[in-house]
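*Asks:* First, the structure itself, so that you have it in front of you.
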Amino acid sequence: MDSALFHRIRRRVLKAAHFFGLFVAMSLICLPGLWVVLNSFRPTVEIMAKPPVWIPNELNLDHYRAMFGGIGEGGVPVLTYFVNSLVISLTSTIIALLVGMAGGYAFARYRIPGKGAIFVSLMVTRAVPGVALSLPLFILYGRLGIIDTHFGMILVYVALNVPFTIWLIDGFFRQVPKELAEAAEIDGCTRWQAFWKVEFPVARAGIASAGIFAFLTSWNEYALASQLTRSLNSKTMPVGLMDFTSQFTLNWGGMCALAVLMIIPALLLTFLVQKHLIAGLTFGGVKG
Amino acid sequence: MADVVLKGVQKNFGALAVVHAIDLSIVHGEFVVLVGPSGCGKSTTLRMIAGLEDISGGTVQIGDRVVNDLPPRDRNISMVFQNYALYPHMTVRENLGFSLHIAKRPKDEIDKAVAAAAEILSLTPLLDRRPGQLSGGQRQRVAMGRAIVRHPDVFLFDEPLSNLDAKLRTQMRVEIKRLHQKVGTTIIYVTHDQVEAMTLADRIVIMRDGHIVQIGTPLDVFERPMNAFVATFIGSPPMNLLPATVHDGQLRLADETTMPVPPGISVRNGRHVQFGVRADNIMPDGHAMPPTAHMAHVDMPVTLTEPLGTETLLFGTLAGTEVQAKMLNPRPVKPGEVLRFGIALDKCHLFDAETGASLRA
Ligand SMILES: Nc1ncnc2c1ncn2[C@@H]1O[C@H](COP(=O)(O)OP(=O)(O)OP(=O)(O)O)[C@@H](O)[C@H]1O
Ligand SMILES: [Mg+2]
């Protein structure tokens, strides 16, 4: 066979195989999500049908309507949960980022005695499963009287996220050559200006990804929130999902509808911040 | 006017002393090159002048101010880094104007200064690109542009050319020299490349292990090295050094070859020395070496030749030591061929065998 033709065919086949592989992988990842979205739009009968119905016969907004409806008719205080989630997640993310930036920068730039040990112990705190902490935290919070408050939840999530933000941001600042800040200082900046005008913008892609990470952790966290919140004061959306369970029944459709509402802001935020994640911008300032 | 004066400047990193009490005065407008092998403390010295490194002892004076405790921004210096350190998130224009922007200068003044610097360095067509979209040589020019925009008292260069390929390096070397002629600002330039040092400097400062070994004009240090280290460091190829002993006014090499002690050097009998001769001063007979009254002759087998076009380097073995000689108006030489070489003794040096110090008064 003509070898050029052979190579062309081979390349096509490889490409097709590549796409097929990606398709399978993405389906595996996305299918549960799609199922959730699908279920939120169709009647409970169809959700529960055995064998499962793949192609929906009827799509409607009943579950959404019911969810936003009165308390008696299967409604839940979605808006309150949403606001709680948003306030708690955003505030804790911002604090975790600020602490992470201070800590990460210090780790990346200064000689700190026992740096390795501090680092490891930060990471070890993350090895403790959240649930194991819930009882001690519950008792502690009970004594302090901060159960079921925004403050309490923010505190937990900051503590949860700070080790990771420090670790991530340290890595990003390490990649920013220290000569950049030195050049800025020579160009007339104070140490503080050099950080904000040069090092921070250069590392901001990394900081943004640390931010997304922290936000999603708080936004999706369930185990601790389910122990430490109990009323509309502070219940977050993941905890709110449990409103759809009762002693004998599970309202799958409603749960899926709320889950979709939970996913949307997370997706939006990721897309918005992703713009900053284009790492290409940060390279090329120095000859490596 | 900005003279730069270092008095007893020291730097310790913890217990490790890397710069030992350096004294150096640089007059306004001078182009001074710090040169020395890797790790000898050149960058550290430069960074102390810049204010990027604390000074452990002594004083640094720029103009009539002692700047030891001033942060870099108050020293009115600019610096070009080895890796350029351009701000990757800014365009070339913003990079160039950054210092003026920080100084809160009016926008039209910044534009004018940036345009002028871009013109000098032929950066005008690149002003709207980001550093990531530039070639190595272009980045290098942006780094220089950023340094000249603000008309500092002193330019500091830390091996600015070492990331460029050989051809571009030669080209930028000329540009830097031209720039200095144009702006006339004091320049302190660090390199470990002796060719750069020789070609650029008004004065060369040769450093070794945190000490200054010799300061002088390029010709000074080339013709009158104070010790064997400078002799081998400056000049290409490095000066040949042959162990020898002095007997009755004669030098005796390791293989009993004898020749007169170079004129103008007095040395007592029995002293162990190193005999230093550059390739330019040892040439095969009849190869256009300017005739001098003080010639010595040796026979030496040639082991290897390196033709360079107008001249050829000859590698030979003399008294057990490899020696490089030069042949002008070259002819083919076969390895193994024994040639008779003439040595221009009046251009030769003697160094103490132990201390390496030059024995020329
Ligand atoms: N932050 C530091 N901590 C400890 N030692 C250091 C530090 N910076 C430099 N040194 C040491 O100081 C010595 C001089 O370093 P310097 O960078 O000044 O060398 P250099 O002459 O510029 O060499 P090169 O030509 O390789 O750039 C080296 O031995 C180096 O290991
Ligand atoms: Mg250096």
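The values are calculated or read from the model by the stated rules, or taken from the named source; none is laboratory data. Since the model is a prediction, treat every value here as computed from it, not as a measurement. Every residue, glycine among them, receives a Cβ derived from its backbone with ideal geometry; neighbour counts consider all protein chains shown. For accessibility, only protein heavy atoms count, side chains too; no ligands or nucleic acids. Shrake-Rupley method; radii C 1.70, N 1.55, O 1.52, S 1.80 Å.
*Asks:* Restricting to the stretch B:169-194, name every residue that is out of contact with any strand residue (DSSP E or B) (no Cβ under 7 Å at 6 or more places or on another chain) and within 12 Å of ligand 1 (Cβ to nearest atom).
*Replies:* The answer is B:ASP193, and nothing else.
*Asks:* Does B:PHE98 satisfy being among the aromatic types (Phe, Trp, Tyr), away from ligand 1 (no atom under 16 Å from the Cβ) and part of a helix (DSSP H, G or I)?
*Replies:* Details: among the aromatic types (Phe, Trp, Tyr): yes; away from ligand 1 (no atom under 16 Å from the Cβ): yes; part of a helix (DSSP H, G or I): yes.
Yes.
*Asks:* Suppose we filter the stretch B:46-68 for residues that are in a loop (DSSP other than H, G, I, E, B) and more than 14 Å from chain A (Cβ to nearest Cβ); how many remain?
*Replies:* Of the residues in the stretch B:46-68, 5 are in a loop (DSSP other than H, G, I, E, B) and more than 14 Å from chain A (Cβ to nearest Cβ).
*Asks:* Filter the stretch B:46-68 down to residues that are buried (at least 22 other Cβ atoms within 10 Å of the Cβ) and of a type in the set (Gly, Ala, Ser) and give me whichever is nearest to ligand 1 (Cβ to nearest atom).
*Replies:* B:ALA50
*Asks:* State whether one or more residues within the stretch A:169-179 are touching a residue at least 24 places away in the same chain (Cβ under 8 Å), more than 30 Å from B:LEU46 (Cβ to Cβ), among the hydrophobic types (A, V, I, L, M, F, W, C) and open to solvent by 40 Å² or more (accessible area, probe 1.4 Å).
*Replies:* No, that holds for no residue.
*Asks:* Does B:ALA85 qualify as being assigned to a helix (DSSP H, G or I), modelled with pLDDT under 95 and under 32 Å from the mean Cα position of the chain (by Cα)?
*Replies:* no
*Asks:* Being out of contact with any strand residue (DSSP E or B) (no Cβ under 7 Å at 6 or more places or on another chain) and closer than 30 Å to A:THR149 by Cα is the requirement here; does A:LEU90 meet it?
*Replies:* yes
*Asks:* Test A:VAL37 against the stated conditions and say whether it is within 30 Å of the chain's Cα centre (by Cα), among the β-branched types (Val, Ile, Thr) and open to solvent by 40 Å² or more (accessible area, probe 1.4 Å).
*Replies:* Yes: the conditions hold for A:VAL37.
*Asks:* If we scan the stretch B:103-123, do we find a residue that is buried (at least 18 other Cβ atoms within 10 Å of the Cβ) and at the interface with chain A (Cβ under 9 Å from one of its Cβ atoms)?
*Replies:* no
*Asks:* From the list A:ALA183, A:ALA210, pick out the single residue that is surrounded by 21 or more Cβ atoms within 10 Å (Cβ to Cβ) and either among the polar types (S, T, N, Q) or at the interface with chain B (Cβ under 10 Å from one of its Cβ atoms) (or both).
*Replies:* Details: A:ALA210 fails: either among the polar types (S, T, N, Q) or at the interface with chain B (Cβ under 10 Å from one of its Cβ atoms) (or both).
Just one listed residue meets the conditions, A:ALA183.
Okay, residues lined up against (1) of a type in the set (S, T, N, Q); (2) in contact with a Phe, Trp or Tyr (Cβ under 8 Å, 6 or more places away or on another chain); (3) near ligand 1 (Cβ under 7 Å from one of its atoms); (4) assigned to a strand (DSSP E or B):
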site: B:VAL5; (1), (2), (3), (4): no, no, no, yes
site: B:GLY8; (1), (2), (3), (4): no, no, no, yes
site: B:LYS11; (1), (2), (3), (4): no, no, no, yes
site: B:ALA21; (1), (2), (3), (4): no, no, no, yes
site: B:HIS28; (1), (2), (3), (4): no, no, no, no
site: B:GLY39; (1), (2), (3), (4): no, no, yes, no
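*Asks:* Determine which member of the set B:ALA166, B:ALA143, B:ALA197 is away from every other protein chain (no Cβ under 14 Å) and away from ligand 1 (no atom under 16 Å from the Cβ).
*Replies:* Details: B:ALA143 fails: away from every other protein chain (no Cβ under 14 Å); B:ALA197 fails: away from ligand 1 (no atom under 16 Å from the Cβ).
One residue alone meets the criteria, B:ALA166.
*Asks:* Taking the stretch B:14-45 on its own, how many of its residues are within 14 Å of ligand 2 (Cβ to nearest atom) and either away from chain A (no Cβ under 14 Å) or open to solvent by 30 Å² or more (accessible area, probe 1.4 Å) (or both)?
*Replies:* Residues meeting the conditions: 14.
*Asks:* Sort through A:PHE215, A:PHE248, A:PHE200 and tell me the only one that's open to solvent by 20 Å² or more (accessible area, probe 1.4 Å), among the aromatic types (Phe, Trp, Tyr) and at pLDDT 90 or above. Before the answer, list the steps.
*Replies:* Numbers: A:PHE215 fails: open to solvent by 20 Å² or more (accessible area, probe 1.4 Å); A:PHE248 fails: at pLDDT 90 or above.
Selected residue: A:PHE200, the only one of A:PHE215, A:PHE248, A:PHE200 that is open to solvent by 20 Å² or more (accessible area, probe 1.4 Å), among the aromatic types (Phe, Trp, Tyr) and at pLDDT 90 or above.
*Asks:* Mind checking which residues of the stretch B:69-98 are open to solvent by less than 40 Å² (accessible area, probe 1.4 Å) and either away from chain A (no Cβ under 11 Å) or within 16 Å of ligand 2 (Cβ to nearest atom) (or both)?
*Replies:* Scanning the stretch B:69-98 gives B:MET79, B:VAL80, B:PHE81, B:ASN83, B:TYR84, B:ALA85, B:THR91, B:VAL92.
*Asks:* Another one. Find the residue count for the stretch B:148-163, including only residues that are surrounded by fewer than 21 Cβ atoms within 10 Å (Cβ to Cβ) and within 16 Å of ligand 2 (Cβ to nearest atom).
*Replies:* Qualifying residue count, the stretch B:148-163: 3.
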